[in-house]
Amino acid sequence: MPTANDIFIIGLPVVLVVFMLWLQWSQKNKQKKLIESMRPNDKVVTNGGLIGKIEQVKRDVVVLKVDDKTRVEVLKSSISQYFEEAVK
């Protein structure tokens, strides 16, 4: 018959793994929604910390306007969040 200690030893790792998988799934869904909702003139931040305004949305690439004369193409997957969320 399992004791309370045995249940704790087995149950704690199971709970931690489930929690970690849930967090990963949650972040993946948030990233997917972000990618689907990107529109021109949205101000975004990349994973590398580059801040720019979306000028054009292509299939897998976004053209960011970083400065008046500077345009950068980045992968959609490298956009981490909207600028307004990053400043909060």
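Here are some notes:
- With respect to the stated conditions, Pro40 fails to be assigned to a helix (DSSP H, G or I) and either modelled with pLDDT under 95 or surrounded by fewer than 13 Cβ atoms within 10 Å (Cβ to Cβ) (or both).
- Among the residues making up the stretch 58-79, those that are in contact with a helix residue (DSSP H, G or I) (Cβ under 8 Å, 6 or more places away or on another chain) and either outside any loop (DSSP other than H, G, I, E, B) or among the aliphatic types (A, V, I, L, M) (or both) are Val61, Val62, Lys76, Ser77, Ile79.
The values are calculated or read from the model by the stated rules, or taken from the named source; none is laboratory data. Fair warning: this is a prediction, and the values are worked out from it, not measured in the lab. All Cβ positions, glycine included, derive from the backbone under ideal geometry; neighbour counts span all protein chains shown.
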